[in-house]
Every structure is written in structure tokens, then in C-alpha cells.
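To keep things clear, I will list the structure first and then write my remarks on it.
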Amino acid sequence: MSISSRLLHRIADPSLPQKERAKLRCQLAKELEDVGNHEAARETMGELWSRVGECPVLDELDEATAAEVLLRVGTLTGWLGSTRQIEVKAVVRYETRIVERALKEARGVVSHSAELLGIKRQRLDAMLKGRGGHTSLAHLRTLLERRPRSLMFRGDEDCPETRAVVVLHVEDDSVIADGVSMTLQGEGWSVETCATGAAALEKLESGERFDVLLFDNNLPDTNGIELIKQTRALAHRQQTPIIMLSGDEVETEALRAGANAFLRKPGDAGSIPETAARLLACKKGGES
């Protein structure tokens with residue numbers, strides 16, 4: 001039985017809650033979109049969306065599911081409406097309200113907003129940059145990222161303008177390192193990665209500016225706990241926020257050594273921007 005057939009079988013289950021049925025319809029519609037069968041994808045939406053040009057039925061759906069339905073409807077309307085000149089302003093308005101609420105609740109952090117909406121960060125980023133009809137909400141992200149006590153803040157005397165957050169990430173797994181870099185760079189941050197404790201310590205001992213330090217625990221030449229202790233022994237790094245991202249059960253040890261926060265790998269990786277923003281806000285608040 002194909003994936004599509006299995007999805008159709010599950011959708012037909014009368015005992016399935018409306019929310020779950022809606023998610024399955026969206027999943028099947030996406031698969032049909034990917035192979036170019038847009039008319040069949042539209043029909044798959046069933047009772048959620050009777051025809052192009054009408055708003056979908058979102059009753060009894062939570063916001064994340066409603067957002068996914070709206071995204072499917074918007075995508076399909078784009079394909080099908082290109083030759084039919086369909087009006088979709090009502091759908092876009094409803095979707096805009098949901099995206100706006102997510103951005104405000106996440107304090108402008110795009111990755112966290114996307115998590116609240118149940119979509120990928122890259123997709124939300126595209127929506128705000130003009131490919132998804134929500135450029136009117138871009139100011140929520142920009143203003144929040146430039147607030148002195150949040151993601152962007154004033155530099156030193158030789159850098160009076162607002163500047164991007166600079167993160168030093170110590171991680172020997174290139175896959176994880178690349179994923180974290182993509183996430184943080186998507187927030188407009190700058191990321192420098194070291195694969196060993198020795199390389200990281202050399203940078204930490206220098207005068208290079210790092211606003212947030214992100215350490216793994218298992219490193220080829222040391223462990224993150226020791227690296228935290230060595231970092232806190234440096235006078236110019238004693239107030240720099242340190243986050244440990246690790247799958248090891250060392251949260252208590254990390255915090256005792258001087259870390260400001262502990263995130264578990266891999267599940268909490270998406271919380272790095274929000275956690276870093278909170279720590280930066282606390283740090284700037286303490287300095288003011």
C-alpha cells in the first residue's frame with residue numbers, strides 16, 4: 001500500500017478527531033503538490049476547503065493546525081489561481097493574524113515563532129521576506145531584534161550602531177555544528193565554530209568579541225565542564241553568557257561550573273536563539 005493510500009485510509013476513519021484529520025489532509029495534499037497534481041491536492045482538502053476562492057473551514061482546529069491548512073490553501077490557490085485570477089485576500093488576512101500572534105509571543109525570534117506555528121523556520125523567513133505575502137509583519141522581527149535588551153544591542157564606543165550577536169560554538173560534530181550555524185545565522189547572528197577545547201580556549205583568551213558562548217560537553221581533548229571553568233577564570237569572560245548544549249546528564253555540574261543555561265541535545269537545539277536572547281537581555285539589564 002502506497003503512502004497516499006495509507007493516508008486516505010486513515011482520513012476515512014470516522015473515529016479520527018477533526019484536528020488529526022486536518023493534519024493528514026494537509027500531509028496528503030503536500031505530497032500531491034510535490035508531484036505536480038495540484039487539482040487532486042485541492043480535492044484532498046475535502047470538507048476543509050470546498051473550492052478555490054473560498055476561505056477554508058477552520059472551526060475546532062488549534063492555531064498550529066489552522067496555520068498549516070491556510071498554508072496549503074494559499075499554496076494551492078497560487079498554483080490553481082494563476083490561470084483563474086482568484087481572490088485570496090480573506091485567507092491571507094486570517095493567516096496574517098496567526099503569524100503576527102506567533103511573532104509577538106516569541107518576542108520576534110523567527111525560529112521560535114515557526115515552532116509555535118508548526119512550520120519550518122526557513123518557510124516563515126521566506127513569508128516575511130516577500131515570498132509568502134506577509135512582508136507587513138517584517139517590522140515585528142526587525143524591531144525586536146534591534147532592541148538594546150534583546151537580540152540586537154549597542155556596541156562599544158568604536159561601534160556605536162546596533163550590531164549582530166556573535167556566538168562562539170564549540171562542537172566537534174560537524175552535522176550539529178552546521179545545523180546550529182544555520183539556525184543562528186537565520187536570526188541574523190554571526191557564528192564562529194571550534195571543534196576542540198584548545199582551539200576555543202585560544203579564541204577565548206584573545207580579545208575577540210563573543211556575546212554568547214555555546215559549549216558541547218564531549219570534546220576530543222577535554223569536556224565542556226572544564227572549558228566552562230577555564231572560561232570563567234578569564235577576567236574578560238566572567239560575565240559572558242554560557243549555554244551548554246549536550247546530551248549528557250551534566251546539567252547540575254554545568255550550572256555549578258558557571259554556565260547560565262543548559263539545553264539538551266538534540267531536542268532543545270531550536271531553543272538556542274530564545275535562550276540566548278533572554279540571557280543577553282538579563283546581562284544588559286544588569287549593566288544598565
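The values are calculated or read from the model by the stated rules, or taken from the named source; none is laboratory data. On a predicted model such as this, the values are computed, not experimentally measured, just so you know. For neighbour counting, all protein chains shown are included, and Cβ atoms are generated from backbone atoms with ideal geometry for every residue, glycine included.
Tally the residues that are in a helix (DSSP H, G or I), among the hydroxyl-bearing types (S, T, Y) and surrounded by fewer than 18 Cβ atoms within 10 Å (Cβ to Cβ), restricting the search to segment 11-69.
Taking segment 11-69 as the starting set, the residues that turn out to be in a helix (DSSP H, G or I) are 11, 18-34, 38-44, 46-48, 63-69.
Checking which are among the hydroxyl-bearing types (S, T, Y) leaves us with 44, 65.
Remaining after also requiring surrounded by fewer than 18 Cβ atoms within 10 Å (Cβ to Cβ): none.
Counting residues in segment 11-69 that are in a helix (DSSP H, G or I), among the hydroxyl-bearing types (S, T, Y) and surrounded by fewer than 18 Cβ atoms within 10 Å (Cβ to Cβ) gives 0.
Given the criteria at pLDDT below 80 and within 12 Å of the chain's Cα centre (by Cα), does E157 qualify?
On the way: at pLDDT below 80: yes; within 12 Å of the chain's Cα centre (by Cα): no.
Taking the combined requirement at face value, the residue does not satisfy it.
Restricting attention to segment 80-116 and to residues that are modelled with pLDDT under 70 and hydroxyl-bearing (S, T, Y), the residue that is farthest from the chain's Cα centre (by Cα) turns out to be T83.
Looking at A257, is it over 23 Å from the mean Cα position of the chain (by Cα) and either loosely packed, with under 15 Cβ neighbours inside 10 Å or of a type in the set (S, T, N, Q) (or both)? Give the derivation first.
On the way: over 23 Å from the mean Cα position of the chain (by Cα): yes; either loosely packed, with under 15 Cβ neighbours inside 10 Å or of a type in the set (S, T, N, Q) (or both): no.
Here the answer is no, as A257 does not meet what is asked.
In segment 238-252, what residues are within 14 Å of V167 (Cα to Cα) and polar (S, T, N, Q)? The one that is within 14 Å of V167 (Cα to Cα) and polar (S, T, N, Q): T240. Across segment 23-79, the qualifying residues are those that are of a type in the set (S, T, Y) and in contact with a Lys or Arg (Cβ under 8 Å, 6 or more places away or on another chain), and the one among them that is modelled with the highest pLDDT is T44.
Out of K229, K203, I need the residue that is in contact with a Cys (Cβ under 7 Å, 6 or more places away or on another chain), surrounded by fewer than 22 Cβ atoms within 10 Å (Cβ to Cβ), at pLDDT 95 or above and not in a strand (DSSP E or B). Which one?
Working: K229 fails: in contact with a Cys (Cβ under 7 Å, 6 or more places away or on another chain).
After applying the criteria, what remains is K203.
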